[in-house]
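Q: First the structure, which I've put down as structure tokens, then a few questions once you've had a look.
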Amino acid sequence: MQGRGHHTLCLAGALASLVWAPACTSQLELGEHPEAHGPQAVDAAADAHESVDQTPAKGIDLTIAGCSSVEVRELSLDMERAHAIMVVERSLSMQQSFGALTRLETVAAATLKALANRRLPVGLVQFPGTSGFCERTDMCCASPLVTAPRSDQGRTIAKVLRCEGFGSSCSETSNAAPTAAALAQTRTFLQVLAVPGNRPSVFLVTDGDPHCADVTEQECENAVAQTAALSQSNVPTHMVALGAEAQASTCLRRVAEAGETWNLGEAWHAALSAAELEQSLAAVVAAAEEGFCRGRFVFSLRRPEGLRVFVDGVEIPNAQSEPAAASSYNMELGSSTRFRIRGEACEQLKRRNSDVRMFETCCRTQADCL
């Protein structure tokens, strides 16, 4: 959703839809010139992978009961863009059985299910990397980005994890678990996407402590440092630990704590079965998708009490005034510019790019109207 500028409209009479009154003929059409809002708006428009209807607010009811003439200002919005990188261990231990499949095959199946028909763009980094990526003879390195973040990517990622349609080198692995190197590769890629409005996340899927050539303690410290660095860049690392050994790991808990997902109210994700793994991946995907439901006003509100919010043309109320509503919005605590969409409307935003539009309205007879 690209931002729109502040434009004052006129709503003449008690009409059920937005119309242009004669006094408004000199106004710009809504959304016509994103460049008027600065280079960030132009960049956001250029970088968007999805499109929405940006025509004027036809059919949107902005009338006010008992008011014959309503003044309207559409707000310029920056909706956040969520995306994630899966960082998946593929060492020899991941070839162990995990029910009917190996651990790695189970991750592939759970990923396919968790990302089916999802809007969230997800990419993949694996560790250890194959010999083609490693200069070290013990193969203690990570692959660079294997697949870039794209929507509905579950099938592609599952094929990579299963080595379907790839050469024999795809299945090369070792006992090493260079977790820190994989997180470093992820950080390098995410730095390219570090622009306002992007909300990245990392999903770390592993079954044991980081280690290279039997060196565990320093590798653990390196992994903790990497998730801490990601967190400092506002990138949470969601830990999914497979098996009893990973569940009991003090190191992995430290890695997860450094990833700051505790601040998001998220518990430790430990999976002892395929069903628990599916639940864990679904939970971390849902947490990352929350970014689609957040945004900010480019400029501050003039009349917060007159704010009207629409998602695909359907008005949603303020959560404070209607806490039981199926869909609602609220302002982020302590902020006058950041907002969040909740409920069914948020779930809709997680699955498709929807048209979010916000307006300030007031009756023209009011003092200090727009």
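The values are calculated or read from the model by the stated rules, or taken from the named source; none is laboratory data. This one's a predicted model, so the numbers in the text were calculated from it and none came from an experiment. Neighbour counts are summed over all protein chains in view; Cβ atoms, including those assigned to glycine, are modelled from backbone coordinates with ideal geometry. Calculation scope for accessible area: heavy atoms of the full protein, side chains included, ligands and nucleic acids excluded. Shrake-Rupley method; radii C 1.70, N 1.55, O 1.52, S 1.80 Å.
Q: Taking the stated definitions as given, is Gln348 open to solvent by 30 Å² or more (accessible area, probe 1.4 Å) and assigned to a loop (DSSP other than H, G, I, E, B)?
A: no
Q: Please verify whether region 250-263 includes one or more residues that are small (Gly, Ala, Ser) and open to solvent by 30 Å² or more (accessible area, probe 1.4 Å). Please lay out each step first, then the result.
A: Filtering region 250-263 down to residues small (Gly, Ala, Ser) leaves 256, 258-259.
Subsequent filtering for residues that are open to solvent by 30 Å² or more (accessible area, probe 1.4 Å) retains none.
There is no residue in region 250-263 that is small (Gly, Ala, Ser) and open to solvent by 30 Å² or more (accessible area, probe 1.4 Å).
Q: Identify, by number, the condition in (1) open to solvent by 30 Å² or more (accessible area, probe 1.4 Å); (2) at pLDDT 90 or above that Thr111 doesn't meet.
A: Checking Thr111 against (1) open to solvent by 30 Å² or more (accessible area, probe 1.4 Å); (2) at pLDDT 90 or above, the one that fails is (1).
Q: Now for a different question. Return the total of residues in region 204-233 being among the acidic types (Asp, Glu) and in contact with an Asp or Glu (Cβ under 7 Å, 6 or more places away or on another chain). Show your work before the answer.
A: Taking region 204-233 and keeping what is among the acidic types (Asp, Glu), we get 207, 209, 214, 217, 219, 221.
Narrowing the set further to residues that are in contact with an Asp or Glu (Cβ under 7 Å, 6 or more places away or on another chain) leaves 207.
Residues that pass the stated criteria total 1.
Q: Which of the residues belonging to region 285-310 are within 24 Å of Leu115 (Cα to Cα) and surrounded by 21 or more Cβ atoms within 10 Å (Cβ to Cβ)?
A: At the first step, the residues of region 285-310 found to be within 24 Å of Leu115 (Cα to Cα) are 285-295.
Matches in region 285-310: Val285, Ala288, Glu289, Gly291, Phe292, Cys293, Gly295.
Q: If you don't mind, another one. Check region 314-323 and report whether any residue there is touching an Asp or Glu at 6+ places or on another chain (Cβ under 8 Å) and surrounded by 20 or more Cβ atoms within 10 Å (Cβ to Cβ).
A: Taking region 314-323 and keeping what is touching an Asp or Glu at 6+ places or on another chain (Cβ under 8 Å), we get 315.
Of the ones still in play, those that are also surrounded by 20 or more Cβ atoms within 10 Å (Cβ to Cβ) are none.
So far as region 314-323 goes, no, none of its residues is touching an Asp or Glu at 6+ places or on another chain (Cβ under 8 Å) and surrounded by 20 or more Cβ atoms within 10 Å (Cβ to Cβ).
Q: Among (1) open to solvent by 10 Å² or more (accessible area, probe 1.4 Å); (2) touching a Gly at 6+ places or on another chain (Cβ under 7 Å), where does Phe339 come up short?
A: Every listed condition holds for Phe339 apart from (1).
Q: Working only within region 150-182, note down all residues that are modelled with pLDDT of 90 or more, in contact with a Pro (Cβ under 9 Å, 6 or more places away or on another chain) and open to solvent by less than 30 Å² (accessible area, probe 1.4 Å).
A: Ala177, Pro178, Thr179, Ala180, Ala182
Q: Also, I was wondering about something else. For region 183-219, how many residues are among the charged types (D, E, K, R), more than 13 Å from Thr237 (Cα to Cα) and either modelled with pLDDT of 90 or more or surrounded by 22 or more Cβ atoms within 10 Å (Cβ to Cβ) (or both)? Even if it seems obvious, please write down each step before you answer.
A: From region 183-219, those among the charged types (D, E, K, R) are 187, 199, 207, 209, 214, 217, 219; that's our starting set.
From the residues that got through so far, the ones that are more than 13 Å from Thr237 (Cα to Cα) too are 207, 209, 214, 217, 219.
Going one step further and asking which of them are either modelled with pLDDT of 90 or more or surrounded by 22 or more Cβ atoms within 10 Å (Cβ to Cβ) (or both), we end up with 207, 209, 219.
Number of matching residues: 3.
Q: Against the condition among the small types (Gly, Ala, Ser), more than 30 Å from Val240 (Cβ to Cβ) and without any contact (Cβ under 8 Å) to a residue 12 or more places away in the chain, how does Ser321 come out, does it pass? Full working, then the answer.
A: On the way: among the small types (Gly, Ala, Ser): yes; more than 30 Å from Val240 (Cβ to Cβ): yes; without any contact (Cβ under 8 Å) to a residue 12 or more places away in the chain: yes.
Yes; evaluated as a whole, the condition is true for this residue.
Residue-wise test of (1) free of Cβ contacts under 8 Å to residues at least 12 places away in the same chain; (2) farther than 30 Å from Tyr329 by Cα; (3) of a type in the set (D, E, K, R); (4) out of contact with any Cys (no Cβ under 7 Å at 6 or more places or on another chain).
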| site | (1), (2), (3), (4) |
| --- | --- |
| Arg73 | no, no, yes, yes |
| Met79 | no, no, no, yes |
| Leu92 | no, yes, no, yes |
| Ser97 | yes, yes, no, yes |
| Val107 | no, yes, no, yes |
| Asn117 | no, no, no, yes |
| Pro121 | no, no, no, yes |
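Q: Hey, among the residues in region 233-246 that are open to solvent by 30 Å² or more (accessible area, probe 1.4 Å) and at pLDDT 90 or above, which one's nearest to Ala283 (Cα to Cα)? Break it down stepwise before answering.
A: Here is the first cut: in region 233-246, the residues open to solvent by 30 Å² or more (accessible area, probe 1.4 Å) are 233-234, 244-245.
From what is left, the residues that are at pLDDT 90 or above are 244-245.
Values: Ala244: 20, Glu245: 21 Å.
Across region 233-246, the extreme among qualifying residues is Ala244.
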